[in-house]
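Following: one structure in structure tokens, then a few remarks.
The values are calculated or read from the model by the stated rules, or taken from the named source; none is laboratory data. In this text, all values refer to a predicted model and were calculated from it rather than measured experimentally. Counting neighbours? That spans all protein chains shown, and the Cβs are built from the backbone with ideal geometry, glycine included. These accessible areas exclude ligands, DNA and RNA; they are computed on the full protein's heavy atoms, side chains included. Shrake-Rupley method; radii C 1.70, N 1.55, O 1.52, S 1.80 Å.
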Amino acid sequence: ASLLPLPRPYVVPGGRFREIYYWDSYFTMLGLDQSGRHDLVEQMVRDFAYLIDRYGHIPNGTRSYYLSRSQPPFFYAMVALLSAQDPAAAYARYLPQLKREYAFWMDGAESVHRGSAQRRVVALADGSILNRYWDDRDTPRDESYREDSELARITARPAAQLYRDIRAAAESGWDFSSRWLADAHTRASIDTTEIVPVDLNSLLFGLESAINAGCQRAADRACAGRFARRSAARRTAIDRHLWNQASGAYLDYHWTDDTVIARVSAATLYPLFTGLASADQAQAVARTTSTQLLRPGGIVTTPLNTGEQWDAPNGWAPLQWIAIAGLRHYDQPALARTIACRWMAIVNAVYRNSGKLVEKYDVIDTGRSGGGGEYPLQDGFGWTNGVMRKLIGLYADDANAIDGKQCPAA
């Protein structure tokens with residue numbers, strides 16, 4: 001009864017995930033596109049456009065209990081797949097939905113006061129406007145009611161705030177990770193809503209840039225100018241608050257106490273994926289990726305091993321793709337190829353042993369699928385299939401590797 005109907009065909013991730021999920025779908029669509037299934041890519045884009053038209057945003061997944069939150073805003077990147085040689089043409093076609101999704105993420109921006117936040121918008125003390133993950137509800141998640149209630153029972157924190165921070169982490173897609181934990185280890189210390197994250201703000205820069213391009217194509221000069229100014233302001237704010245020269249990385253920012261969270265994660269690669277970084281910043285991120293994130297099976301999500309699934313030793317297909325695409329965009333082909341080859345090798349090795357593609361992989365002790373988190377490893381898996389298919393198309397010479405030692409050095 002909770003399933004939200006969609007008008008057109010779609011692909012689900014697999015395993016326990018039997019409905020469409022927002023950010024998962026972009027990575028699945030990469031593989032569909034590579035396989036010549038442009039018809040299905042178009043159908044899924046139209047499904048997501050329908051969700052925006054119907055609900056004002058794309059929910060986390062197509063269940064009624066997911067309507068209070070979204071997920072990382074990849075819709076503009078899906079739209080771009082419809083017209084790879086001329087993305088602006090597709091952006092112009094989907095401008096109403098792109099603008100409406102943007103309005104969802106920016107709700108409250110006109111009225112929020114400096115040093116405070118409203119829904120997904122944060123106004124910093126210097127007047128910069130950036131964004132955070134959020135959920136409109138502050139109750140246990142329907143899909144994990146027992147786990148959330150039990151956590152609230154054993155901690156002294158106000159339950160409503162704990163639930164909100166848990167739900168906001170679910171909106172991030174990284175549920176859960178040391179990124180959202182104040183002490184970097186304990187889920188009870190989760191403070192997602194106090195964090196301005198690198199990945200979300202990079203994607204919103206990408207959305208602003210896409211709307212600008214679509215408005216230019218539609219000959220709406222006023223709109224194009226408005227979104228050019230917004231993307232420029234966001235780039236300035238990200239450079240000021242999230243770029244950390246000493247670390248050579250983009251780092252999440254704790255806005256409530258005006259501090260950088262000095263922990264590197266794979267999110268540092270998002271500004272390369274969305275074209276936000278300068279050439280020098282991209283070069284620094286490439287060095288940091290090589291030294292802190294690169295492992296025998298690809299890039300690790302974070303270097304910390306906490307038992308949470310979005311931490312070491314796990315690597316995830318979407319983050320490999322963000323890294324590879326971003327590095328290719330900034331003329332770092334050797335590192336991109338190394339990551340791609342090592343990832344394909346681990347996926348091949350696990351497939352050889354088990355006959356399965358799975359949701360996540362152990363990129364440190366290669367040849368093993370991943371683990372950790374609050375539910376068992378899932379078979380399938382949409383985004384693993386999609387990214388693997390895309391990489392086979394890009395790196396045919398490395399597609400049969402089964403050991404990272406067979407891969408070229410970065």
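Note on region 213-256: Kirkwood radius taken over Cα pairs, Stokes-Einstein applied at 37 °C and 0.692 mPa s, translational D equal to 269 µm² s⁻¹. Placing a pseudo-label 7 Å from each Cα along the Cα-to-Cβ vector at residue 161 and residue 143 gives an inter-label distance of 2.7 nm. Taking the 1.4 Å solvent-accessible surface of the chain as the whole, the part contributed by carbon and sulfur is 48%. Quotient of the Cα radius of gyration of region 318-367 and 2.2 N^0.38 Å, N being its number of residues: 1.22. With all protein chains kept in place, the per residue accessible area of the chain amounts to 38 square angstrom at a probe of 1.4 angstrom. Ordered by 1.4 Å accessible area with all protein chains kept, 41, 12 run largest first as 12, 41. Absence of a disulfide-compatible partner, taken as no other cysteine beta carbon within less than 4.7 angstrom, is noted in the chain for none of its cysteines.
Computed over region 254-347, the convex hull of the alpha-carbon atoms projects to a mean area of 6.5 nm².
Compactness check for region 202-302: Cα Rg over 2.2 N^0.38 Å is 1.22.
Here residue 99 is the anchor, and the aspartates and glutamates within straight C-alpha reach of less than 14 Å, apart from those fewer than 8 places off in the same chain, are 53, 107, 208, 220. Taken one residue at a time, the phi angles of region 219-235 give Karplus couplings (6.51, -1.76, 1.60, θ = phi - 60°) of 6, 9, 5, 5, 5, 4, x, 4, 7, 5, 5, 5, 5, 5, 5, 5, 4 Hz. Gly and Pro are set to x.
Just so you know, the averaged projected area of the alpha carbon convex hull for region 1-145 sits at 10.2 nm². Against the empirical curve 2.2 N^0.38 Å, the C-alpha radius of gyration of the chain lands at a ratio of 0.92. Would you work out which of 41, 294, 401 lies farthest towards the positive end of the dipole of the chain? Charges go on Cβ: Lys and Arg +1, Asp and Glu -1. Of 41, 294, 401, it is 41. Candidate cross-link partners of residue 356 among the lysines, defined by an alpha-carbon separation under 20 Å and a same-chain spacing of 8 or more, comprise 390. When Rg and the Kirkwood radius Rh are both evaluated on Cα atoms of region 162-231, their ratio Rg/Rh stands at 1.22.
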